[in-house]
């Protein structure tokens, strides 16, 4: 056998050994992934069966999703050393979500993500009164929003699940029967993609979003104030005492809301700032800088401890950044872990809060014959 043929054969063997080693390493790391038993979610609610599904990608990432509220229950991501941890807050069983004081962990939110002032809006000259479930305001779709219903599973495979829900006319006070389809995809590019479609038979308002609570060091591991955050926004929408936008768009420059450069989340929390006081920290909508094509780059978070990085891309005009201000250490989540004050953050891609009552904000009206379409991509990597 010639030298060239021997070299080519050796190169092929080396490549094969390398692939085997990577596979064995990934499988070894995955042994630490503690999957929640599907039986913990098997139950019937409102005549529909609740189930737990597991998505995986080629790189060993794993996410468990339930059709109750379309929730991301777990999301296992490797750190800079290849060690996997679950980076979203949640519960080990359906009962945890049914009895939780924090009802939005990992959920799909609708019909309207965020707040609508005084639980009312006017459309085509008609006033619609919604369920007031956040003081005098309407929050995240009402008392029984999309987070609290059982979605139909219309398609599922190893790395994708498609969910569907039909929201009936006047459900929680909203006009029109709306058909919503959502896909979760765990791609081989280490993205958790959430894509939404909706149509209606009557003019209505809609604003869908996803509400995972993230801690890139692992759920239940303490503060996220040391995480570094960048938000691609030069403006934000200030709020009143009830967290309803005041109707103006304000520059972030020279304020604690300037995250245009990577900044520790907790670096400016103690500043004397009226907006921080009103939100009990960060709980504000940022006006994203728009790109000319493709999805907008919205945000980036780095955890210096684990080396995990999460980037957010979307076609939405806004991003709600919430810093876990209402977590208070009374919640025990998965594996009995305590979820302390500011031990998670949310980055919710969406239209602006209270848009139905704010004519200067991007419209959230959906008409018959139109299709609502929203995309959110969470992309994971590690610090090199």
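Any read-out appearing in this document is the output of simple, stated calculations on the displayed coordinates, not a laboratory observation. Remember, predicted model here, so these are calculated numbers, not experimental data. Glycine also receives a Cβ, built like all others from the backbone with ideal geometry; neighbour counts cover every protein chain displayed.
Taking N as the number of residues in the stretch 172-318, what value does Rg over Cα atoms divided by 2.2 N^0.38 Å take? Please report the intermediate quantities before stating the final value.
Working: Rg = 17.3 Å, N = 147, 2.2 N^0.38 = 14.7 Å.
This ratio for the stretch 172-318 stands at 1.18.
Once the Cα atoms of helix 3-30 and of the chain are each reduced to a long axis, what angle between those two axes, in degrees from 0 to 90 to the nearest 10, is obtained?
For 3-30 against the chain, the angle is about 50 degrees.
Would you mind telling me which residue in 143, 291, 93 has the biggest mean-square fluctuation in a Gaussian network model of the chain, where springs connect alpha carbons within a distance under 10 angstrom?
Maximum fluctuation in the GNM of the chain, among the listed residues, is at 291.
For all pairs of alpha-carbon atoms in the stretch 38-194, what percent lies in each bin of width 10 Å, listed from the first bin to the last filled one?
Calculated over all Cα pairs of the stretch 38-194, the distribution is 10, 36, 32, 16, 5, 0 percent.
How fast does the stretch 108-218 diffuse by Stokes-Einstein, in µm²/s, taking the Kirkwood radius from C-alpha pairs at 10 °C and 1.306 mPa s?
On the way: Rh = 15.1 Å.
The calculation lands on 105 µm²/s.
Say a paramagnetic label sat at a point 7 Å from the Cα of residue 277, along Cα to Cβ; which residues of the stretch 236-257 have their backbone N under 13 Å from it?
241
Calculate the tail of P(r) for the chain: the fraction of all Cα-Cα distances greater than 41 Å, expressed in %.
Roughly 14 percent, rounded to a whole number.
Which FRET efficiency value, to the nearest 0.05, do you get for residue 126 and residue 81 by plugging their Cβ-Cβ distance into 1/(1 + (r/R0)^6) with R0 = 41 Å? Kindly include the intermediate steps, with their values, before the conclusion.
On the way: r = 58 Å, r/R0 = 1.42.
Using R0 = 41 Å, I get an efficiency of 0.10.
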